[in-house]
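So the structure is just underneath, and the comments pick up after that.
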Amino acid sequence: MEQTQKDLTPRQRINHIVKWLKQYARSAKITTFVVGISGGIDSSVVSALCALAGLQTIVVQMPIRQDKKLNNRSSLQAGWLLERYPNVTHMSMDLTKIFNAFDKKLSPFCATDTGDYTNTSELAFANSRARLRMITLYQIAQAHNGLVVGTGNRVEDFGVGFFTKYGDGGVDISPIGDCMKTQVWDMARELGIEKEIIDAPPTDGLWADGRTDEGQLGMTYPELELAMRQDTYSELELYATGPEKKKLKQYREIRARNLHKMNPIPVCRFDN
């Protein structure tokens, strides 16, 4: 019987992704992978997978008004990679001054014919951080015949849409996009990623207060994964408990809000 994705061991999953990365690089005729590292579990695993593929791998730290703990963890991951893989290059670029200039330009009240308005929005500025990092990664990738490698997992990218449109969602390839978050944790342990990174509460690193993913979503990743399976396979929903049904409803509400990120861009067509 053919083995399915969910039946793979962490090592088999790692080997499959590394083989895929090598094949894709050959077909695309590229020589470099570029990965933004944040100190989180996803970017740590993806950077290690790219390094294992043997191509030049550039890992980039891009702090923007960054929480010190997060920046320390990304430095920890960079050091871990450099000790083990001679094909890894580390770049650290503090984008705070650039972001501050952007903030200063956009924040003041502006006078228009219809009155005053302001472009200030905490959420918009959080997403702008991710977009500034995306621009930086593409600049580096094009300069090195490379591809920007995504670090989103299946739950974030295809379940609840927990990413920034044209920010961390703007990538060339997605090696862990078919892996659940818990599978990413399993691969991290198999790869020997630093325990401090594995045990850290997941966060997108876009907020000055260091808020966690669970704090923003109101659900843990295991809860999200269960709800995602129940939403996909209706027979599982039939056996959901009361608390699970409540979480499933919450999952569907989050997903509905973010479908615009996961669906193709709407096009006004003239045929049909």
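Across the cross-link table entries 69/97; 19/247; 97/195, which are compared at the Cα atoms, the separations over 29 Å belong to 19/247; 97/195. Cα gyration tensor of the range 217-272, axes a ≥ b ≥ c as square roots of the eigenvalues: rounded (a/c below 1.5), prolate (a/b > b/c) or oblate? It comes out prolate by the Cα gyration axes.
Which of rounded, prolate or oblate describes the range 131-272 when judged by the alpha-carbon gyration tensor and an a/c cut-off of 1.5? Note, shape of the range 131-272 comes out oblate.
Projecting the Cα atoms of 118, 141, 101 onto the dipole axis of the range 1-158, where Lys and Arg carry +1 and Asp and Glu carry -1 at the beta carbon, places 141 farthest toward the positive end.
With N the number of residues in the chain, Rg(Cα) / (2.2 N^0.38 Å) evaluates to 1.07. Translational diffusion coefficient of the range 33-141 at 4 °C, 1.567 mPa s, Stokes-Einstein with Kirkwood Rh over Cα pairs, in µm²/s as a whole number. Answer, rounded: 84 µm²/s.
For the range 12-26, the Karplus equation 6.51 cos²θ - 1.76 cosθ + 1.60, evaluated at θ = phi - 60°, returns couplings of 5, 5, 4, 4, 5, 5, 4, 4, 5, 4, 4, 5, 5, 4, 5 Hz by residue, with Gly and Pro reported as x. From the largest down, the range 77-197 spans 60, 32, 30 angstrom on the principal axes of its Cα atoms. Can you tell me how the range 145-225 classifies by the Cα gyration tensor, rounded, prolate or oblate, using a/c under 1.5 as the rounded cut? Taking the square roots of the gyration eigenvalues as a ≥ b ≥ c, the range 145-225 is rounded.
If you run the Gaussian network model on the chain, springs between alpha carbon atoms under 10 Å, then out of 81, 226, 21 the most flexible one is 226.
The calculated 222 nm mean residue ellipticity attributable to helices in the chain amounts to -16000 deg cm²/dmol, summing -39500 (n - 2.57) over DSSP H runs of n ≥ 4 and dividing by all residues. Within a straight-line Cα-Cα reach of under 19 Å, residue 245 can be paired with the following aspartates and glutamates, leaving aside sequence neighbours fewer than 8 residues apart in one chain: 214, 223, 225, 231, 235, 237, 253. Centre-to-centre, using Cα atoms only, the range 63-95 and the range 194-272 are separated by 28 Å.
When the Gaussian network model of the chain links Cα atoms closer than 10 Å, the mean-square fluctuations of 32, 212, 57 top out at 212. Counting other Cβ atoms within 10 Å as a rough exposure proxy, the listed residues 102, 270, 163 run 270, 102, 163 from fewest neighbours to most.
The three principal axes of the C-alpha atoms in the range 1-66 carry coordinate ranges of 51, 28, 14 Å, sorted with the longest axis first.
Every number in this text was worked out from the coordinates using simple rules, so none of it is lab data. Note that the coordinates shown come from a computational prediction; the quantities given were computed from them, not determined experimentally. Don't worry about glycine lacking a Cβ; one is built from the backbone with ideal geometry, like all the others, and counts go over all protein chains shown.
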